[in-house]
């Protein structure tokens, strides 16, 4: 496969994991680093996380998500990281070929010496938690609602019930209340809060949003649009307790019931996933089971603090760069032996320059057509002759051996390819 | 008599109404197809098992059986002309344990009486060979090779589009209210969009066909009972079932299937529960539990981890006795010109096997019109072929490249999980039957049915629809009026720019 | 009158559960805190509780119709809704720059509300901002 573009390190996803990886890869010395982002701009999920709480560890500042992303975007730009936005990755192979499409660039094949997977998570859906009732409009996962409110500029409803006391749910409770909506209830199936305690204070308590632990949604009511949510208490086995049902009038249900690492592309590349985390198995370099494919951030496992995502991104990016540099060195380590005029094939096909540095190397080849007179067997670069020997004849039925002497190492060292040809003397 | 008159008005653009419109469009007739919802295919056709039944199951001698077997034969041509995804994989009726084998024999006999070709009795070993996931206790199966699966949404949309291509007028969000009568003759209908006059009216109103016919005083004893069937849809990445697997049937229902679909997902269901509300498509605890138990009987290895969606459909179950008094059957199809009223082609109770029967039903309507003296003149330039529109994810890499080169909007993926592009969405919005709601686009492109269930694509689809329809995003709906996605702009922002 | 109350510190993600003995605004004892910041938090929380908050402000001619903004420093808790009301009246013009002051000295608090990001003009969208 002939790629349209070649890069040393390709980072898929420009959330905090991907951005950190791209920056670290450049700093480690990778030459060409590319970020591929499906959205219109860089930043990933940080673009819509407009609340504070980012960067307390890394920058010792309390930043909102977009400002946190901005730091890395600016650094990436100044380091010369390239990016393709509004571009979707369709496929990743274990040999690190990436197929991408976009409106602007069409269908492109990218070859990468190493890859950092930074696709983040998707949100758990109502079907995955077996939610009963009708299928009206007005049911959103919290992240989708957040996108509408903070980026697109629309309120998806006026009266909300939120299922799940994870951070996204609580943060949206606060956000929606600030925008003039009423959050009727936050229901949490567990007997404990599943998000950060501080968020309970500054999102629910501060804004008078009622929280009910050990409660869940029994079913959704309303044919075209949500009209009400029937809630129920649950027992210690998380099973509904009959008789505890309550009908809560609402026009919108927000689901904050978990994040799932988004590893569809990883699977395509042959990356093996841990069924417990739903993310790739990784070592301390954040390398997956596929050499040269690394992963960082929520795609590996779900984080609660973005600063640790950045740390993981740094590690993955640095090691991806190291891998790419080593791959590059491996390539330049070899000189390709190319059949020239009247040469059918040569064995070996490529020569490790280190071997030539140690001692002379003997090639074997066959000609295509016989020449029953003296011939020069020549080893040439693009511009000049490196070495040759005289042969009395050249016949297809007889293998010709040709020694490349150690003394020409210094000339061979600079080359990518060496052509062997037959010329009449 | 007003000059603005149609020859035929068809009430209801489900699979039956759309197929009738398409078949009638072959003739020199002015035809109007009306549909109360914002899209075609929103009644029973929106949620069913999508099976092209072989026809061994309906009671022999009934109109149901006749329409099923006749219709089945027509599907190769139909699918070819309209470019409907259709696969004749054959139906398996699977007997678990030796006790169930005799029922297969009864079905065999029914099939023979109904004229079903290509039936084969298979041993338990043979079933295990063809479907490795089958319950190892399988004792045998009836394999009806003419059975198959189709995409009901594609079929409905394609039939309606082909009708439009051939001159049929379609009016969505147009609801029948009453007949306009001249004595015992129907001369037109009243709708929420005004009065329309016609020589013939076809009642293809599905769940509401009883209400419609009663307005003309036809069959006051006929009643549609909505019979709910719930379903699970399974993630195709988790499990692949290659076949259509039925259990041995009960008198009321064909039973809970585990079946392949043309989209690659496996579907489990349906159960059968009579309800009152013709709009109640909620999934229930008891219903889903029944589906699950039934499905496990056929494929014991299923686990809830495979579930990607749950939904419910409503059968338009009627109570009409079979025309032949010798056949004791009380839920047969009604396809008639009533005796007491002129100008009406009356259909009722078209429940399963409605999808497979639809082309035969349409042909029967033609026959009824001819019987009543209609001189149907064929159009010289009737175009039977409705061209297919590309599904990006089904194309080869080379085809995808060319598609994007010719139209860059195919280079923008809107639904990540199902690989649906902006180009496909635009094609559906600007198609002969325009897709103007989220669900309309979902039915046609399969967007939003994957792992994230619309989490990623919804904001993008809303934006595209608003832009293409030239309206505010606040007006974009999931399934028509009163199902808007968004309530207001935050801070009254100007989105017009 | 001495009182014992429970509080959750929100300074950092740990969220220490504190037990506080106080008499009016005077803090007598704090237990349950993992670090000094917990004590600072209690003192402020009892006398002049403050919060950071974030919201969005309208933008004309930008790549998005809104720009996210946030409080440069925590503001008095009771003033949040009124500051949000003030922000609703504002419409900025693109381009907006990160840390640009959107509302100076919000309602006399001495604290600015600033932009969280760069928001370029429409049709000049570049990944490299």
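Laboratory data are not the source of any read-out in this text; all were calculated from the coordinates shown. Just so it is clear, the structure is predicted and the values come from calculations on it, not from any experiment. Cβ atoms come from the backbone with ideal geometry, glycine included; neighbour counts cover every protein chain shown.
Annotations
- Sorted fewest first by neighbouring Cβ atoms within 10 angstrom, A:177, C:4 come out as C:4, A:177.
- Difference of contour (0.36 nm per residue) and Cα-Cα distance, residue B:393 to residue B:377: 1.6 nm
- Distance between the pseudo-spin-label points of residue A:2 and residue A:344 (7 Å out from Cα toward the beta carbon): 2.7 nm.
- Between the helical axis of A:306-333 and the longest alpha-carbon principal axis of chain A there is an angle of about 10 degrees.
- Between helix A:167-178 and chain A there is an angle of about 60 degrees, using the helix long axis and the longest principal axis of the Cα atoms.
- Per-residue shielding of B:465-474, expressed as the average number of other chain Cβ atoms within 10 Å of the residue Cβ, stands at 1.
- Förster radius 30 Å - calculated FRET efficiency between residue A:355 and residue A:376, Cβ distance, rounded to 0.05: 0.75
- Our summary gives chain B a relative contact order of 19 percent, counting only alpha carbon pairs under 8 angstrom and 6 or more residues apart.
- Between the range B:264-313 and the range A:68-115, the Cα center-to-center distance that results, in Å: 42
- Rounded Å value of the spacing that divides the Cα centres of the range B:41-100 and the range B:411-458: 28
- B:222, B:86 arranged by Cβ crowding within 10 Å, fewest neighbours leading: B:222, B:86
- Taking A:276, A:92, A:10, B:164 and counting other C-beta atoms within 10 Å, the order from fewest to most: A:276, B:164, A:92, A:10
- Here the label points at residue C:82 and residue A:105, each 7 Å from Cα along the C-beta direction, are separated by 5.2 nm in the simple model.
- Pair residue B:488, residue A:328: separation of 7 Å Cα→Cβ label points (nm): 5.6
- Max mean-square fluctuation residue, GNM over chain C, Cα-Cα springs under 10 Å, options C:19, C:36, C:45: C:36
- Springs between Cα atoms under 10 Å define the GNM used for chain C, and in it the highest mean-square fluctuation of C:57, C:30, C:14 occurs at C:14.
- Relative contact order of the range B:425-474, pairs being alpha-carbon contacts under 8 Å that are 6 or more residues apart, as %: 30
- Folded to 0 to 90 degrees: helix A:65-79 orientation relative to chain A principal axis, Cα: 10
- Hydrodynamic estimate: the Kirkwood radius of the range C:54-115 over Cα pairs, inserted into Stokes-Einstein at 20 °C and 1.002 mPa s, corresponds to D of 184 µm²/s.
- Estimated FRET transfer efficiency when R0 is 22 angstrom, pair residue B:99-residue B:286 (beta carbons, to 0.05): 0.25
- Three-way shape call for chain B based on the alpha-carbon gyration tensor, with the a/c threshold at 1.5: oblate
- Cα gyration tensor category, rounded, prolate or oblate, for the protein assembly as shown with a/c compared to 1.5: oblate
- Viscosity 1.002 mPa s, temperature 20 °C, Stokes-Einstein D of chain A from Kirkwood C-alpha radius, µm²/s: 85
- In chain A, Cα pairs under 8 Å separated by at least six residues give a relative contact order of 16 percent.
- Prolate is the label for the range B:394-492. Its Cα gyration tensor axes, ordered a ≥ b ≥ c, give a/c of at least 1.5 and a/b above b/c.
- Test item: A:184-197 mean partner chain Cβ contacts at 10 Å: 1
- Spin-label proximity, residue A:27 to the range A:61-101 - amide N less than 18 Å from point 7 Å beyond Cα toward beta carbon: A:61, A:68-82
- Cβ-derived FRET efficiency at R0 41 Å, residue A:272 paired with residue A:416, nearest 0.05: 0.70
- For the pair the range A:336-371 / the range A:164-178, the C-alpha centres are spaced 68 Å from each other.
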